[in-house]
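Structure, as structure tokens:
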Amino acid sequence: MLHQPSRVMDMEHELQALRVQLEEKSVYAIQLHKELEMSKKIEQSRACSYELEGLESLGSCLRIISQMKNSMEISNFSVQWYRIQPDDGKKELISGATKPVYAPEPFDVGRFLQAEIIAGRERVLLRTTSPIDPAAGLGSYVEALVRKPETEFNVVILQINGSDHPSNSLYVFHVGKLRLKLSKGRTAKAKEFYSSSMQLCGVRGGGSAAAQSLFWQAKSGLSFSFAFESTRERNAAIMLARRYAFDCNIVLAGPNDRSSGAA
């Protein structure tokens, strides 16, 4: 190679160019790492700006709240709630649960709940620290009601077919072994046997009375939202109706719920 100085110079130039490329890539890698770390810190900071408030149990309400004064208003965000299976982490969208407030219902017991907050390109995930607990004494209360041929609950209608119902008149929601009925005095407002077109679940639209409220689609084209006198009665009515419907080979769940997992 000493007899070929031009070849040596070419190799030196190639090595120098390679060094420059490696240095540039190294600088780029360091910069990219810094950007990723900064992005993680920003995401963690956003997540820490919000939390779920409320008992993680049936009968309570979970509410997304801001922990920092400079956090954006939650009303400006898009919110969606999910159920998370504890064994495999499978995520199931809760149709209609798009408010900062969500009241767990019997279907949620034993599952984690997760709220996904989206504002533009930003996304924050908030999850309960443990699966939703059952309400104390609710199981034995339902077992006592099962012995009756029919159970009656006093309710106030909130909505009919999605439109607000201004009256505060008391109605009676009858949960029977073969059918559900909503009546006032001797007049039945709705009376339907358990069927595949029927839906029943906790109200998912938020609101101060969400934990006491129930959504019932009696049949296609006829639905009600009404509030019970207590969260205990609301959850008992859901559990009782689903149990009777199951005895009729009907899985009674909410809109778009997976029928295989309905309780």
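Step through the residues of the range 176-191 one at a time and calculate ³J(HN,Hα) from phi using the Karplus curve (6.51 cos²θ - 1.76 cosθ + 1.60, θ = phi - 60°), rounding each to whole Hz and writing x for Gly and Pro.
Result, rounded to whole Hz: x, 6, 10, 7, 10, 9, 10, 9, 9, x, 8, 9, 8, 7, 7, 8.
May I ask you to evaluate 6.51 cos²θ - 1.76 cosθ + 1.60, the Karplus curve with θ = phi - 60°, for each residue of the range 143-154 and list the ³J(HN,Hα) values in order in whole Hz, giving x for glycine and proline?
My calculation for the range 143-154 gives 4, 5, 6, 4, 6, 7, x, 7, 10, 10, 10, 7 Hz in order.
Taking the Cβ of each residue in Asp88, Asp133, Asp108, Asp247 as the centre, tally the other Cβ atoms inside 10 Å and list the residues starting with the fewest. It would help to have the intermediate numbers written out before the result.
On the way: Asp88 7, Asp133 16, Asp108 24, Asp247 11.
Ordered by Cβ neighbours within 10 Å, fewest first: Asp88, Asp247, Asp133, Asp108.
From the phi of every residue in the range 247-255, what ³J(HN,Hα) in whole Hz does the Karplus formula 6.51 cos²θ - 1.76 cosθ + 1.60 yield, where θ is phi - 60° and glycine or proline is x?
My calculation for the range 247-255 gives 5, 9, 6, 10, 8, 9, 9, x, x Hz in order.
Please arrange Cys201, Cys248, Cys61 by how many other C-beta atoms lie within 10 Å of their C-beta, fewest to most. Intermediate values should be presented prior to the final figure.
Details: Cys201 25, Cys248 13, Cys61 19.
Ordered by Cβ neighbours within 10 Å, fewest first: Cys248, Cys61, Cys201.
Can you tell me the length gained on complete extension of the stretch Lys189 to Arg127, counting 0.36 nm per residue apart and subtracting the Cα distance? Please report the intermediate quantities before stating the final value.
Working: separation 62, 0.36 × 62 = 22.32 nm, distance 3.94 nm.
Between Lys189 and Arg127, full extension yields 18.4 nm more.
Ranked by Cβ crowding within 10 angstrom, fewest neighbours first, how are Ile65, Ile94, Ile238 ordered?
Numbers: Ile65 14, Ile94 24, Ile238 27.
With the fewest neighbours first, Ile65, Ile94, Ile238 line up as Ile65, Ile94, Ile238.
Set Lys and Arg Cβ to +1 and Asp and Glu Cβ to -1, take the dipole of the range 93-188 about its Cα centre, and tell me which of Gly185, Phe112, Leu170 lies farthest positive.
Gly185
Just so you know, all these numbers are worked out from the coordinates, no wet-lab data involved. Keep in mind the model is a prediction, meaning the values are calculated, not measured. FYI the Cβ positions are ideal-geometry reconstructions off the backbone, even for glycines, and counts take in every protein chain you see.
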